[in-house]
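Asks: This is the structure I want to talk about, given as structure tokens.
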Amino acid sequence: YADNYSDSQLSGVVNTVISNSDASNYVNAAMRYYLRTNDRVKRNLDNNTAVVFFFDGCSDNVFSSSFNYKSNHMSAYVAVVKLRNGVPTIIYENENASTIPDNPRMVNNTTAGNDGTDVPTVTDGIHNISTTNHLSKYAALHVHDSDSGVSVVRCNSSTYYASTSYGINAHARSWDYVSTSTYSSTGCFNIGKSSPATEYNNFMYAVTGISNAKSNTFSSTGADKGIVIVDRYMYKSTLTNIYGSAALVNQITAYSTNLAPTIQQELYTPPTFEEIADVDGDGKVSTTDVRVTLRRVVGNSDIPQGSADFLPGDVDLDGSLTTTDVRQILRSCVTTG
């Protein structure tokens, strides 16, 4: 593929709110990967619509020693990216979001507010978003695929299965906690704390331009507002506890799980010439490194194994040690004195 954006154009696409280093690094790498490589992402940005990222399991709330899924149902980091002066820019971010139902495997789903049908969980991946009015009460976003439905996995207490849901929205939260009698989501995405609605209002303004969304409605609905990317890879362990089945979680997160190794390559920093040439590991490149490399070239084995990320002495990166590497290291020693 050809990169959609250069390194300098993506330099500002870095979250500024996640403190946990593993989560922060993953989020930054994933956003960078999608922006660099995904044509659908670029088309939406070029059309002046939003690319909304939900990384469930990456909110700092999850890494708090007091975190409990039931008492704090805010596990996702959400970011809204649009073009500003031709450059992808995060124009909104928040750590108080969620993409999973309050009670995904509740037996009595009528109690859960889902009209008696099995509770849906939207699958990881890229989905469309368009304007809607949630329960005809306030402005929200409808999450869907090619038509008005979206790919989900439906669950009950004993089984789960792939399905389609036609009622998934991204909307405001009603409660910050979970119980069997109060719910904020039976499959929808929640943004922001329940009160005040500032976080949700700011999110909706960033995506759609509507002000005070929680107390306002769209005069007409169905307008395309971009895409949403759902990634729960970093939350899989906790999700297994919540859903009670690793196989079920694997089905929900298949898209992000398959992409995770590629995304994590974005975090890889290639070694410098000096790191590769410093064969004896003393922190500098010297004629000792030349001699040690030459010994290995001719078959002597007294060479440090070095980092698993590269072959010490293989400065031309061809996968093997040869006299070419020896000459290049020696040349460096002569140049630097």
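Just so you know, all these numbers are worked out from the coordinates, no wet-lab data involved. All values reported here derive from a predicted model rather than from experimental measurement. Heads up, the Cβs are rebuilt from the backbone with ideal geometry, glycines too, and the neighbour counts pull from every protein chain shown.
Asks: Need one number: nm distance between label points at N48 and L267, each 7 Å from Cα along Cα→Cβ, rounded to one decimal.
Replies: Once both label points are built, they end up 3.8 nm from each other.
Asks: So, in nm, how far is label W175 from label S136 when the simple model puts each one 7 Å beyond its Cα toward the Cβ?
Replies: Spacing of the two 7 Å Cα→Cβ label points: 2.6 nm.
Asks: Please rank D124, D7, fewest neighbouring Cβ atoms within 10 Å first, as an exposure proxy.
Replies: Going from sparsest to densest Cβ surroundings: D7, D124.
Asks: Can you put L317, L330, L45 in order of Cβ neighbours within 10 angstrom, beginning with the fewest?
Replies: The most exposed by this proxy come first: L317, L330, L45.
Asks: Only sites in a loop by DSSP and with at most 16 other Cβ atoms within 10 Å count here; which chymotrypsin sites (Phe, Trp or Tyr not before Pro) in segment 233-287 make the cut?
Replies: Taking segment 233-287 and a limit of 16 other Cβ atoms within 10 Å, the loop chymotrypsin sites (Phe, Trp or Tyr not before Pro) found are Y268.
Asks: Calculate how steeply helix 21-37 sits against the longest principal axis of the alpha-carbon atoms of the chain, using the helix alpha-carbon long axis, and give the answer as 0 to 90 degrees to the nearest 10.
Replies: Approximately 90 degrees, to the nearest 10.
Asks: Right, next: Any idea which of V143, T221, G167 is furthest toward the positive side of the dipole for segment 72-228, if Lys and Arg beta-carbons carry +1 and Asp and Glu beta-carbons -1?
Replies: Highest projection toward the positive end goes to T221.
Asks: Hey, got the dipole for segment 4-58? About the Cα centre, +1 on K and R Cβ, -1 on D and E Cβ, debye to the nearest 20?
Replies: With only Lys, Arg, Asp and Glu charged at Cβ, the dipole is about 160 debye.
Asks: Using the Cα centre of the chain as origin and beta-carbon charges of +1 (Lys, Arg) and -1 (Asp, Glu), tell me which of P312, T117, A277 is placed farthest towards the positive end of the dipole.
Replies: Value: T117.
Asks: How do T208, T287 rank when sorted from fewest to most other Cβ atoms within 10 Å of their own Cβ?
Replies: Ascending number of Cβ neighbours within 10 Å: T287, T208.
Asks: Counting alpha carbon pairs within less than 8 Å and at least 6 residues apart, what relative contact order, in whole percent, applies to the chain? Walk me through the numbers before you get to the answer.
Replies: Values: 698 pairs, mean separation 54.3, N = 337.
After rounding, I find 16 percent.
Asks: Out of (1) 151; (2) 173; (3) 194, which label holds the value of volume of the Cα convex hull per residue in Å³ that was computed here?
Replies: (2)
Asks: In degrees between 0 and 90, to the nearest 10, how far off the longest principal axis of the chain does helix 198-208 point, with axes built from Cα atoms?
Replies: Helix 198-208 sits at roughly 80 degrees to that axis.
Asks: On a 0 to 90° scale, report how tilted helix 254-265 is relative to the longest principal axis of the chain, with both axes built from alpha carbons and the result rounded to the nearest 10.
Replies: 30 degrees
Asks: Moving to a separate point now. How much length would be gained if the chain were fully extended between S163 and V298, taking 0.36 nm per residue of separation minus their Cα-Cα distance, in nm to one decimal?
Replies: Once the chain is fully extended between S163 and V298, it gains 42.4 nm.
Asks: Now for a different question. Based solely on its DSSP helices, what 222 nm [θ] is calculated for the chain when runs of n ≥ 4 H residues each add -39,500 (n - 2.57) and the sum is averaged over all residues, nearest 500 deg cm²/dmol?
Replies: Value at 222 nm, helices only, nearest 500: -8000 deg cm²/dmol.
Asks: What nm value, rounded to one decimal, do you get for the distance between K284 and S21 when each label is placed 7 Å out toward the C-beta?
Replies: Calculated label separation equals 2.9 nm.
Asks: Can you tell me the dipole magnitude for the chain around its Cα centre, using point charges on the Cβ only (Lys, Arg +1; Asp, Glu -1), in Debye to the nearest 20?
Replies: Details: 23 positive and 32 negative charges, 189 e Å.
So the dipole magnitude of the chain works out to roughly 900 debye.
Asks: Also, I was wondering about something else. Per-residue HN-Hα couplings for segment 283-292, Karplus 6.51 cos²θ - 1.76 cosθ + 1.60 at θ = phi - 60°, whole Hz, x for Gly and Pro?
Replies: So the Karplus estimates, Gly and Pro as x, are x, 8, 9, 9, 5, 4, 5, 4, 5, 5 Hz.
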